[in-house]
Structure formats: C-alpha cells, structure tokens
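A quick write-up on the structure given underneath.
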Amino acid sequence: MVSCQAIGKLTTSVPLRTQEGQTWMKTIAPVEQLLAKVFSMVSPKLHQAVVEVMLKVRWDDLQIGSQTWARDQIVETAWKWPGATPGISVISNRATMCHMDIKGHKEWYDLLVAAGTYEECWFRLPDLDLDLKYLPGTIVAFNGRFLRHEVVEWKGGDRVCYAHWVRPTLLRALSIDLPPWVTQSEYLDYFNN
C-alpha cells in the first residue's frame, strides 16, 4: 500500500490508483483479515509497528503525496487498505530463482500466501536444505532477507504467491522504532494471555 521513496515522501503503489486496484483490495480483504491474525501471532511487535504505520498514514499530517497523487488520495487508499502488511507483491505463474530479499530487515518475517489451481509445488530454502510442500492455501512465515528461497516449478494449473513484507525505510520515515527479532518469551506471553 505505502512505499517510501528515496526522497523521504510516502506514496501508494500505482496499480492501487485504478478501479481494478480498488476492486482487488475489496476482494482480498477477508484473507488479509485472517493473515493479520496470523501475523500478530508470528511477530507481535512487528505487527504492532504495522498498525502504527497505518494509523500515522491515516491520521497524522504527514508530508506525503506528489503532483500526480495527492495526499487526500493516499489517505483514502490507506483507509481502504486491507493488507496485513503495508506491502504485498503478487507473483503470478512464474518460477522464482534462488534469492534473498535485500530490502527486508534481518530480524523480521515475511509472509507468503500460496493460491491457485496448481496441484504440486515445493518452496525451497537451500540454506536449511529444506523443501516445503507449497500448495494453495499454504502460509509460510520466514525471514526473506536472511534465508535464500525459491520456487523452481509447479504442476497442474495456475499459481499465485502473495508476498507480504514490511520495509525498514518505511518505519524510519515515520519515526517508528524498528522492532527486534521475536523471542520465545513473546510467544509464551502471547499464548498464556
């Protein structure tokens, strides 16, 4: 939803400025509500920082926008944004070569949501010598900056991955402290309450 440009101004992704983008946001809303709950369990402090990001964009008088996309339009989009994270990349019907997400943070999780009609696929984490069955409906939480990952092929239909991410540049631009690596005690606190 919100990206941080090098000059320090915040803006929304271009496709969200279209009617199709508005329809897409409505369509993904139910899944994103569930994913926000998963995210709050997987990384509570990062989830809280994302909530703070959205509150600041919606309510604070920030220096956001440009000549082509006014501040009011960005705030309106922020109110409609259903995402569990401020960023979602859609990967459709393509393999992903082995890579790390260099714009991520070394202590944060990314969330991948698999969707489609395909019948066989493996999500590979070569650094762990791990292949995970990756069928539609699968959610993977992992650190994409720290762990190399790939999907080499799939069989039996269309494949979509919704990659959810948070960029440290966004939190810094909004003067939000960067949450540290989640700890075992946080999980224990979460599940004991």
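The values are calculated or read from the model by the stated rules, or taken from the named source; none is laboratory data. Predicted model, so just to flag it, every value in this text is computed and none were measured. Cβ: placed from backbone, ideal geometry, glycine included. Neighbour counts: every protein chain shown.
Which one of Ser3, Ser13, Ser40 is modelled with pLDDT of 90 or more, within 17 Å of the chain's Cα centre (by Cα) and among the hydroxyl-bearing types (Ser, Thr, Tyr)?
Residue meeting the stated conditions: Ser40.
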Testing Gly87 on (1) surrounded by 17 or more Cβ atoms within 10 Å (Cβ to Cβ); (2) within 28 Å of Gln184 (Cβ to Cβ); (3) out of contact with any strand residue (DSSP E or B) (no Cβ under 6 Å at 6 or more places or on another chain), one condition comes back false. Which one is that? (3)
Looking only at the stretch 99-117, which residues are among the charged types (D, E, K, R) and outside any strand (DSSP E or B)? Asp101, Lys103, Lys106, Glu107
Tell me whether the stretch 23-35 contains one or more residues that are of a type in the set (S, T, N, Q), in contact with a helix residue (DSSP H, G or I) (Cβ under 9 Å, 6 or more places away or on another chain), modelled with pLDDT of 90 or more and not assigned by TED's automatic domain parsing to the domain that holds Ala114. no
